[in-house]
1. Got a sec to turn the phi values of the stretch 96-103 into Karplus ³J(HN,Hα) couplings, 6.51 cos²θ - 1.76 cosθ + 1.60 with θ = phi - 60°, whole Hz, x for Gly and Pro?
2. If you place +1 on the Cβ of every Lys and Arg, -1 on the Cβ of every Asp and Glu, and leave all else neutral, what size is the dipole of the chain about its Cα centre, to the nearest 20 Debye?
3. Which of the listed residues, Q106, G194, V158, is farthest toward the dipole's positive end in the stretch 87-239, when Lys, Arg count +1 and Asp, Glu count -1 at the beta-carbon?
4. At a 1.4 Å probe, what is the % contribution of carbon and sulfur to the accessible area of the chain?
5. Ignoring ligands, DNA and RNA, what accessible area per residue does the stretch 1-62 give at 1.4 Å, in Å²?
6. Roughly what % of DSSP beta bridges within the stretch 100-214 run antiparallel, to the nearest 5?
7. In what sequence, highest mean first, do 141-151, 40-50 appear when ranked by Cβ atoms within 10 angstrom?
8. Keeping all protein chains in place, calculate the accessible area per residue for the stretch 108-175 (probe 1.4 angstrom), answer in Å².
Amino acid sequence: LGLLGLITLLAIAIWSIRRHRDPDLKIECDLPIDQLMPTLAGLTLSSAVAGNKGEVRENGGYFDVMIGRIQAAERSVHFETFLWKDGTLGRRLADALIDRARAGVQVRVLLDGEGSRDAGKAVVQRMREAGCRVVFFHERALRNIGVFNDRDHRKLVVIDGREAFVGGHCIVDHWLGNAEDGKHYADVSLHLHGPIVNSVQGAFSENWAGETGELFVGEDVFPALEPAGDLVMHSVFAK
């Protein structure tokens, strides 16, 4: 009975934590989205920044650009994703990250502990042996029982602190190709330059620090960024 009571109390505690963090949000507004940038920034505890450039990358062609830019990194590569499954794409990306780590670039890889559990032990081990720091977000462990349903759905890359990729692409072979059939997905991501990159770097830093305690300092990760275009952008932090 004592054990049953303890289990019940633990279940209530976990339910309470989840309930407390899950309010029903309501908003009423007739303004068009282009007039709401200051409001959206304020509601998400951030600021909209000007002077950015964004290029749309679609379907499997995204990976050619993203991996090519990783291969050109000189100081740091920060990679974060929800889904990574062992396959052609995963091994191709791992090879690029391994190459940069062996060249002395700081490579940090943050994978969701549930969504990327099939990344492949051999692939992860290869990256770690080459010098990549590979960390799993909220992996299956007793210490994470209260936050296990808090998953990391971010998909982002930051290179040398000066350019970033954000969007929907995950590291699964279904994202390769050009959505030519039911086995290949259509998706969109953005290639970013300008001050907004610091915001994307901050998003990566938040989850990385939460798992490792490491904080980033200096121009290798947070350089002063000059305007690169005429887009006003706002980065919303969400897991």
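The values are calculated or read from the model by the stated rules, or taken from the named source; none is laboratory data. Keep in mind the model is a prediction, meaning the values are calculated, not measured. Neighbour counts are summed over all protein chains in view; Cβ atoms, including those assigned to glycine, are modelled from backbone coordinates with ideal geometry. To get the accessible areas, we keep the full protein, side chains included, count just its heavy atoms, and leave off ligands, DNA and RNA. Shrake-Rupley method; radii C 1.70, N 1.55, O 1.52, S 1.80 Å.
1. After applying 6.51 cos²θ - 1.76 cosθ + 1.60, I find 5, 5, 4, 4, 5, 4, 5, 7 Hz.
2. 880 debye
3. In the stretch 87-239, that residue is Q106.
4. Carbon-and-sulfur percentage of accessible area, whole number: 54.
5. 85 Å²
6. 65 percent
7. Those peptides, ordered most packed to least, come out 40-50, 141-151.
8. Dividing the accessible area of the stretch 108-175 by its residue count gives 43 Å².
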